[in-house]
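I have placed the structure first, in the form of C-alpha coordinates, so that the comments after it can refer back to it.
The values are calculated or read from the model by the stated rules, or taken from the named source; none is laboratory data. Quantities reported herein were computed from a predicted structural model and do not represent experimental measurements. Heads up, the Cβs are rebuilt from the backbone with ideal geometry, glycines too, and the neighbour counts pull from every protein chain shown. All accessible areas refer to the heavy atoms of the entire protein, side chains included, with ligands and DNA or RNA removed. Shrake-Rupley method; radii C 1.70, N 1.55, O 1.52, S 1.80 Å.
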Amino acid sequence: MTELQIETTTLWDFPKQNYGTTPHGNNKYRGVTPAFVIWNLLQRYTVEGDLVIDPMCGSGTTIDVAKELKRRVIGYDLNIVRDDIIKNDSRIIPLENDSVDFVFIDSPYSDNLHYSDDERCIGKISCENIIFYNEMEKVAVEIRRILKPSKVIAWIIADQWIKKKFTAVGFLLWERLVKYFEPIDIVCLTRHNQTSNTSFWHRKACEYNFYLRGFKYLFIMRKREKT
Ligand SMILES: C[S@@+](CC[C@H](N)C(=O)[O-])C[C@H]1O[C@@H](n2cnc3c(N)ncnc32)[C@H](O)[C@@H]1O
(Lines give C-alpha, C1' and ligand atoms only; values in the text may rest on other atoms or scores of the structure.)
Protein backbone atom coordinates (compact mmCIF):
# COMPACT_ATOMS: atom_id res chain seq x y z
CA MET A 1 0.00 0.00 0.00
CA THR A 2 1.31 3.50 -0.83
CA GLU A 3 1.93 5.71 2.19
CA LEU A 4 -1.22 7.53 3.31
CA GLN A 5 -1.02 11.26 3.96
CA ILE A 6 -2.72 13.05 6.84
CA GLU A 7 -4.85 15.96 5.59
CA THR A 8 -3.48 19.37 6.57
CA THR A 9 -6.22 21.73 5.33
CA THR A 10 -9.96 22.02 5.96
CA LEU A 11 -10.84 20.90 2.42
CA TRP A 12 -10.86 17.12 1.99
CA ASP A 13 -11.51 15.63 -1.42
CA PHE A 14 -11.50 11.85 -1.73
CA PRO A 15 -12.66 10.73 -5.19
CA LYS A 16 -13.10 7.12 -4.05
CA GLN A 17 -14.90 5.63 -1.04
CA ASN A 18 -12.06 3.26 -0.26
CA TYR A 19 -8.27 3.36 0.05
CA GLY A 20 -5.77 0.52 -0.17
CA THR A 21 -6.58 -2.96 -1.40
CA THR A 22 -9.00 -4.28 1.26
CA PRO A 23 -12.59 -3.01 1.61
CA HIS A 24 -13.54 -0.62 4.44
CA GLY A 25 -17.32 -0.72 4.77
CA ASN A 26 -19.31 -1.39 1.64
CA ASN A 27 -19.22 1.18 -1.15
CA LYS A 28 -22.66 -0.01 -2.30
CA TYR A 29 -24.26 0.97 1.04
CA ARG A 30 -26.46 4.07 0.72
CA GLY A 31 -24.71 7.04 2.33
CA VAL A 32 -21.46 5.14 2.92
CA THR A 33 -18.64 7.26 4.40
CA PRO A 34 -15.33 7.67 2.55
CA ALA A 35 -12.98 5.46 4.56
CA PHE A 36 -10.13 7.96 4.35
CA VAL A 37 -12.16 10.49 6.38
CA ILE A 38 -12.21 8.07 9.31
CA TRP A 39 -8.55 7.14 8.77
CA ASN A 40 -7.56 10.82 9.03
CA LEU A 41 -9.60 11.39 12.18
CA LEU A 42 -8.24 8.31 13.94
CA GLN A 43 -4.68 9.37 13.11
CA ARG A 44 -5.17 12.75 14.76
CA TYR A 45 -7.45 12.06 17.71
CA THR A 46 -6.72 8.48 18.83
CA VAL A 47 -3.84 6.14 19.61
CA GLU A 48 -3.56 2.34 19.48
CA GLY A 49 -5.83 0.62 22.00
CA ASP A 50 -8.29 3.55 22.25
CA LEU A 51 -12.00 2.77 22.21
CA VAL A 52 -13.76 4.18 19.13
CA ILE A 53 -17.59 4.23 18.81
CA ASP A 54 -19.78 4.73 15.76
CA PRO A 55 -23.45 4.94 16.86
CA MET A 56 -24.78 4.84 13.25
CA CYS A 57 -22.14 2.72 11.56
CA GLY A 58 -24.11 1.55 8.48
CA SER A 59 -21.91 -0.81 6.48
CA GLY A 60 -19.15 -0.76 9.12
CA THR A 61 -16.56 1.55 7.57
CA THR A 62 -15.50 2.79 11.03
CA ILE A 63 -15.12 -0.77 12.31
CA ASP A 64 -12.82 -1.77 9.44
CA VAL A 65 -10.62 1.33 9.60
CA ALA A 66 -10.38 1.27 13.40
CA LYS A 67 -9.44 -2.43 13.53
CA GLU A 68 -6.78 -1.95 10.88
CA LEU A 69 -5.29 0.84 13.01
CA LYS A 70 -5.40 -1.36 16.15
CA ARG A 71 -8.07 0.69 17.90
CA ARG A 72 -10.83 -1.09 19.84
CA VAL A 73 -14.16 -0.36 18.18
CA ILE A 74 -17.92 -0.82 18.61
CA GLY A 75 -20.35 -0.09 15.79
CA TYR A 76 -24.10 0.25 16.33
CA ASP A 77 -26.94 0.72 13.85
CA LEU A 78 -30.63 -0.13 13.46
CA ASN A 79 -29.98 -1.63 10.03
CA ILE A 80 -27.82 -4.71 10.57
CA VAL A 81 -25.85 -5.71 7.48
CA ARG A 82 -23.06 -7.70 9.16
CA ASP A 83 -22.50 -9.76 12.34
CA ASP A 84 -20.07 -7.43 14.08
CA ILE A 85 -22.58 -4.53 14.21
CA ILE A 86 -24.82 -4.28 17.29
CA LYS A 87 -28.48 -3.37 16.79
CA ASN A 88 -29.13 -0.26 18.82
CA ASP A 89 -30.99 3.04 18.69
CA SER A 90 -28.32 5.69 19.13
CA ARG A 91 -30.53 7.82 21.36
CA ILE A 92 -29.60 5.39 24.16
CA ILE A 93 -26.09 3.92 23.92
CA PRO A 94 -25.39 0.92 26.20
CA LEU A 95 -22.04 2.17 27.53
CA GLU A 96 -20.81 3.67 30.81
CA ASN A 97 -20.34 7.39 31.33
CA ASP A 98 -16.85 8.70 30.43
CA SER A 99 -15.73 5.42 28.86
CA VAL A 100 -15.01 6.22 25.19
CA ASP A 101 -11.98 7.85 23.51
CA PHE A 102 -13.47 8.94 20.19
CA VAL A 103 -16.87 8.98 18.45
CA PHE A 104 -17.41 9.13 14.72
CA ILE A 105 -20.91 9.57 13.31
CA ASP A 106 -22.21 10.08 9.76
CA SER A 107 -25.91 10.50 10.44
CA PRO A 108 -28.86 10.75 8.03
CA TYR A 109 -29.17 14.30 6.64
CA SER A 110 -32.94 14.14 6.15
CA ASP A 111 -35.50 11.63 4.87
CA ASN A 112 -33.88 11.45 1.39
CA LEU A 113 -32.47 7.88 1.73
CA HIS A 114 -34.24 4.71 2.85
CA TYR A 115 -31.96 2.82 5.24
CA SER A 116 -34.37 0.32 6.81
CA ASP A 117 -38.00 -0.26 7.78
CA ASP A 118 -37.19 0.32 11.45
CA GLU A 119 -39.53 3.08 12.64
CA ARG A 120 -36.81 4.40 14.98
CA CYS A 121 -34.60 5.35 11.99
CA ILE A 122 -34.01 9.12 12.20
CA GLY A 123 -33.61 9.05 8.43
CA LYS A 124 -37.40 8.89 8.22
CA ILE A 125 -37.72 12.46 9.53
CA SER A 126 -37.39 15.43 7.17
CA CYS A 127 -34.71 17.97 8.02
CA GLU A 128 -37.40 20.62 7.44
CA ASN A 129 -39.05 19.39 10.65
CA ILE A 130 -37.70 20.55 14.01
CA ILE A 131 -38.19 17.00 15.32
CA PHE A 132 -35.19 15.95 13.19
CA TYR A 133 -32.92 18.23 15.26
CA ASN A 134 -34.60 17.27 18.55
CA GLU A 135 -33.84 13.60 17.87
CA MET A 136 -30.28 14.35 16.77
CA GLU A 137 -29.82 16.32 19.98
CA LYS A 138 -30.76 13.20 21.98
CA VAL A 139 -27.97 11.35 20.15
CA ALA A 140 -25.56 14.21 20.93
CA VAL A 141 -26.44 14.07 24.65
CA GLU A 142 -25.67 10.33 24.71
CA ILE A 143 -22.39 10.80 22.88
CA ARG A 144 -21.31 13.50 25.32
CA ARG A 145 -22.22 11.21 28.24
CA ILE A 146 -20.10 8.27 27.03
CA LEU A 147 -17.06 10.30 25.93
CA LYS A 148 -14.17 10.60 28.38
CA PRO A 149 -13.40 14.18 29.51
CA SER A 150 -12.02 16.42 26.72
CA LYS A 151 -12.29 13.64 24.09
CA VAL A 152 -13.35 14.28 20.50
CA ILE A 153 -16.39 13.65 18.31
CA ALA A 154 -16.54 14.01 14.51
CA TRP A 155 -19.98 14.34 12.87
CA ILE A 156 -20.76 14.44 9.13
CA ILE A 157 -23.87 16.27 7.93
CA ALA A 158 -25.04 18.01 4.74
CA ASP A 159 -27.52 20.72 3.75
CA GLN A 160 -30.62 20.08 1.66
CA TRP A 161 -32.06 21.73 -1.44
CA ILE A 162 -35.23 20.06 -2.49
CA LYS A 163 -38.44 21.23 -4.17
CA LYS A 164 -37.10 24.79 -4.48
CA LYS A 165 -36.32 25.02 -0.77
CA PHE A 166 -32.91 25.27 0.90
CA THR A 167 -32.49 23.96 4.46
CA ALA A 168 -29.26 24.82 6.29
CA VAL A 169 -29.12 21.44 8.03
CA GLY A 170 -25.46 21.91 8.97
CA PHE A 171 -26.03 25.21 10.77
CA LEU A 172 -29.19 23.95 12.45
CA LEU A 173 -27.42 20.85 13.78
CA TRP A 174 -24.36 22.88 14.76
CA GLU A 175 -26.58 25.10 16.97
CA ARG A 176 -27.58 21.99 18.90
CA LEU A 177 -24.10 20.45 19.07
CA VAL A 178 -22.36 23.51 20.52
CA LYS A 179 -24.40 23.07 23.70
CA TYR A 180 -22.52 19.83 24.40
CA PHE A 181 -19.23 20.16 22.51
CA GLU A 182 -16.63 22.89 21.96
CA PRO A 183 -15.71 23.52 18.32
CA ILE A 184 -12.28 22.32 17.19
CA ASP A 185 -12.78 22.87 13.45
CA ILE A 186 -15.09 22.39 10.48
CA VAL A 187 -13.84 20.47 7.45
CA CYS A 188 -15.49 20.69 4.05
CA LEU A 189 -15.81 17.25 2.38
CA THR A 190 -16.20 17.28 -1.40
CA ARG A 191 -19.18 15.19 -2.49
CA HIS A 192 -18.68 12.55 -5.17
CA ASN A 193 -20.77 9.79 -6.71
CA GLN A 194 -24.10 11.23 -5.72
CA THR A 195 -27.16 10.56 -7.83
CA SER A 196 -27.47 14.23 -8.85
CA ASN A 197 -23.99 14.26 -10.43
CA THR A 198 -25.36 13.71 -13.94
CA SER A 199 -25.56 15.98 -16.98
CA PHE A 200 -29.36 15.97 -16.55
CA TRP A 201 -29.11 17.57 -13.07
CA HIS A 202 -26.31 19.96 -14.04
CA ARG A 203 -28.54 21.24 -16.89
CA LYS A 204 -31.50 21.62 -14.50
CA ALA A 205 -29.32 23.54 -12.02
CA CYS A 206 -28.56 26.15 -14.70
CA GLU A 207 -32.05 26.18 -16.18
CA TYR A 208 -33.85 26.70 -12.84
CA ASN A 209 -31.05 28.66 -11.15
CA PHE A 210 -30.21 26.48 -8.17
CA TYR A 211 -27.06 24.71 -6.95
CA LEU A 212 -26.42 21.00 -6.59
CA ARG A 213 -24.91 20.03 -3.24
CA GLY A 214 -21.11 20.01 -3.66
CA PHE A 215 -19.93 19.38 -0.09
CA LYS A 216 -20.70 17.96 3.32
CA TYR A 217 -19.64 19.32 6.69
CA LEU A 218 -17.35 17.43 9.01
CA PHE A 219 -17.74 18.96 12.47
CA ILE A 220 -14.84 18.19 14.80
CA MET A 221 -15.62 19.01 18.43
CA ARG A 222 -14.51 18.31 22.00
CA LYS A 223 -16.68 17.25 24.93
CA ARG A 224 -17.70 20.21 27.09
CA GLU A 225 -17.25 19.60 30.77
CA LYS A 226 -20.25 21.78 31.63
CA THR A 227 -23.36 22.22 29.48
C1 LIG B 1 -25.09 7.83 6.41
S2 LIG B 1 -25.48 6.22 7.02
C3 LIG B 1 -23.98 5.73 7.82
C4 LIG B 1 -22.99 5.20 6.84
C5 LIG B 1 -21.77 4.52 7.48
N6 LIG B 1 -20.90 5.49 8.12
C7 LIG B 1 -21.00 3.71 6.46
O8 LIG B 1 -19.86 4.08 6.12
O9 LIG B 1 -21.56 2.72 5.95
C10 LIG B 1 -26.54 6.60 8.39
C11 LIG B 1 -26.95 5.40 9.22
O12 LIG B 1 -27.73 5.84 10.35
C13 LIG B 1 -28.53 4.75 10.74
N14 LIG B 1 -29.54 5.23 11.71
C15 LIG B 1 -30.57 6.07 11.50
N16 LIG B 1 -31.26 6.27 12.65
C17 LIG B 1 -30.64 5.56 13.60
C18 LIG B 1 -30.85 5.39 15.00
N19 LIG B 1 -31.87 5.99 15.64
N20 LIG B 1 -30.00 4.59 15.69
C21 LIG B 1 -28.97 3.97 15.06
N22 LIG B 1 -28.70 4.09 13.74
C23 LIG B 1 -29.52 4.88 13.01
C24 LIG B 1 -29.07 4.23 9.42
O25 LIG B 1 -29.54 2.91 9.52
C26 LIG B 1 -27.83 4.38 8.52
O27 LIG B 1 -27.12 3.15 8.43
### Query
Given the alpha-carbon gyration tensor of the stretch 181-227, what are the semi-axes of its equivalent ellipsoid in whole angstrom, ordered largest first, with each equal to the square root of 5 times an eigenvalue?
35, 11, 7
### Message
Eigenvalues of the Cα gyration tensor times 5, then square-rooted: what semi-axes does that give for the stretch 11-223, in whole angstrom, largest first?
### Response
27, 20, 17
### Message
Among TYR211, VAL32, VAL73, which residue has its Cα furthest toward the positive end of the charge dipole of the chain, with +1 on Lys/Arg Cβ and -1 on Asp/Glu Cβ?
### Response
TYR211
#### Entry: MET56 - accessible surface, heavy atoms, 1.4 Å probe, Å² rounded to 10
30
### Query
Per residue, what volume in Å³ does the convex hull of the Cα atoms of the stretch 107-227 enclose?
116
### Task
Order the following by accessible area, largest value first: ARG224, ARG71. Probe radius 1.4 Å; ligands, DNA and RNA are ignored.
ARG224, ARG71
### Task
Loop only per DSSP, at most 15 neighbouring Cβ atoms within 10 Å: give me the chymotrypsin sites (Phe, Trp or Tyr not before Pro) in the stretch 158-227, ordered by residue number.
TYR208, PHE210, TYR211
### Query
Nearest-5 percent of antiparallel DSSP beta bridges in the chain?
50
### Message
Lysine pairs in the stretch 101-227 with Cα distance under 23 Å, only those 8 or more apart or on different chains: how many are there?
### Response
28
#### Entry: GNM flexibility winner over the chain from ASN129, ASN88, ASN209 (Cα, springs under 10 Å)
ASN209
### Task
Have a look at ILE38, ILE92, ILE122 and tell me which one the Gaussian network model of the chain (Cα, springs below 10 Å) gives the largest fluctuation.
ILE92
### Linear extension gain, VAL178 paired with GLN194, 0.36 nm per residue minus alpha-carbon span
2.9 nm
